[in-house]
Structure formats: structure tokens, C-alpha cells
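The values are calculated or read from the model by the stated rules, or taken from the named source; none is laboratory data. Predicted model, so just to flag it, every value in this text is computed and none were measured. Note: areas computed on protein heavy atoms with side chains; ligands, DNA, RNA excluded. Shrake-Rupley method; radii C 1.70, N 1.55, O 1.52, S 1.80 Å.
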Amino acid sequence: MALKRLWIASPNYSSRGGAGVRLIVIHTAEGALTIESLGSFFSSRSSQASSHVGADDTVNTVGEYVKRADKAWTCADYNGVSVNIEMCAFASWSTDEWMRHPNMLANCAAWISEEAAYYSIPITKLSPTDAQNNGRGVCFHSDLGISGVGHNDPGLGFPVDYVLSLARGGSSPTPTPPKEEDIVAIATGVNNAGALHVFYEAKDGSLWYTWQKKGETAWQGGKPGKSVAELKPFAPAPK
Ligand SMILES: [Zn+2]
């Protein structure tokens, strides 16, 4: 299903001047909590800032402010070679906090997937060195250093492995789930959207999860993740 792009035009853009896009850059907005309020900020000429898109907790929707063919004003020297997403979030968020926003993370992943397909950019996280030179892939604003404005977003808590794994979607081969006798631990939780998640840790240390949408009984499959010790992000089940 294509990601819905809610168009809120920003006047703060310019021509790429022929530069090719090689970077997909992730930011945090550090203030705006919705794609509409972020759009309102970018629609003001006086902000002198913009981004191609923004993501909040709205299901399968991003705000779009600058078309990908144009240069958004967000990471200085790298504006010409990048497409950019602003998460309606803060660089100070812990991974736990990020994981309380599954829709926002899914929107980010879906957008990365669409941009990567359009520009034939690999869905891999670049090192700062590769991002600042000629690497093609996904990076943080913070990876761009001083000539990219020197910001620290989206922060060390951003669950980039999880998001990139979502972004790769069905294109990666499905690993074989562990057998029941190889499961050593199970944890469950309900997120803010009401989805029930169940996590399994296998003998080999791999983690698996499956989940149900709110009000549905179908299981949505499993994907490898992190260790059971990192499962706290999911809010306790509502009473
Ligand atoms: Zn930024």
C-alpha cells in the first residue's frame, strides 16, 4: 500500500542544480508534534527551513512539504544530494520512547522504502565518513557533521535497525522461526495503538515477535529483533 502524502507546500526550497540524490536523511523536528504543525512552520517563508516530508503517529501517512525533485533546506551543504524526513519527535528520546510510536516508525520506514526504490539507494545505515563523502544509503542528520549544520538529531535512541528492517519489508528473505522447544522466554505488551505484541527469545539468542492489530485475531508474522532485555518499550496492557 502506497504511503499517503499529505501535501502542505513550503516556499523554502530551491533547485538541486543537477545534483543526484544519494542520501536519505533522518531528522527530529524538536518541537512540532504533528505533520500539520510542522507543515505550518515550514509554510512560513520566515522559517527559512523545510524538509521533504514529516512523520507523526497518523497511520500510513506523512506530510509532504517539498517535492523530491527539489532541494529542501535542512542540512546545509548536503541539501542538494539528500531527501529528508523530520520525525515529530525529539533527539533526547530513549529507544523505549521511540518504540511507543510504532506508526511514526512505520511511516518513516515506508517513506525510506519508497525513496530508496525511486533513487536506487541501498537501505543501509551509512557511517559518518561514508555519508560525508560519496556513500549511498540512509544516515542521520548528525552523521553530516559541521558542514551539515552540526545537529545531533535524530539522537542515539532512534531505533534505526528496526526501522531499516521494516523499510526492507518483504524484499529480504524470511528466516526460519525457532521451534517451540527452542523458545527460552516470552514477553507480551500492548502498544499505544492497542496492538498486542508477543516476543520470543530463542536458545540462540535471536528474538522473534508476532503481533495482532487492535480488535483482530490474525497474527501478523514475526521478525527478528533485539534481546528480550530491551522489550520494556511496550506499554503495559490497559486495565
Ligand atoms: Zn536535522
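Of K67/K125; K125/K214; K71/K125; K125/K213, which sit over 26 Å apart, Cα to Cα? Violating the 26 Å limit, Cα to Cα: K125/K214; K125/K213. How large, in percent, is the carbon and sulfur part of the accessible surface of segment 61-126 at a probe radius of 1.4 Å? Carbon plus sulfur share of accessible area: 52 percent. Evaluated at q = 0.09, 0.14, 0.18, 0.22 Å⁻¹, the base-10 log of the normalised Debye intensity for segment 27-142, with identical point scatterers placed on the Cα atoms, takes the values -0.22, -0.56, -0.96, -1.42. Every pair of different Cα atoms in segment 106-147 enters the Kirkwood calculation, which places the hydrodynamic radius at 10.8 Å. Counting heavy atoms of the protein chains alone, C88 has an accessible area of about 0 Å² for a 1.4 Å probe.
Straight Cα distances below 15 angstrom link K203 to the aspartates and glutamates E180, E181, D182, with same-chain residues fewer than 8 positions distant left out. Taking every Cα-Cα distance in segment 84-194 and sorting them into 5 Å bins starting at zero, the pair-distance distribution P(r) comes out as 2, 10, 17, 20, 20, 14, 8, 6, 3, 1, 0 percent. Debye-formula intensities of segment 121-172, expressed as log10 I(q)/I(0) at q = 0.31 Å⁻¹, are -1.20 (one equal scatterer per alpha-carbon, no solvent).
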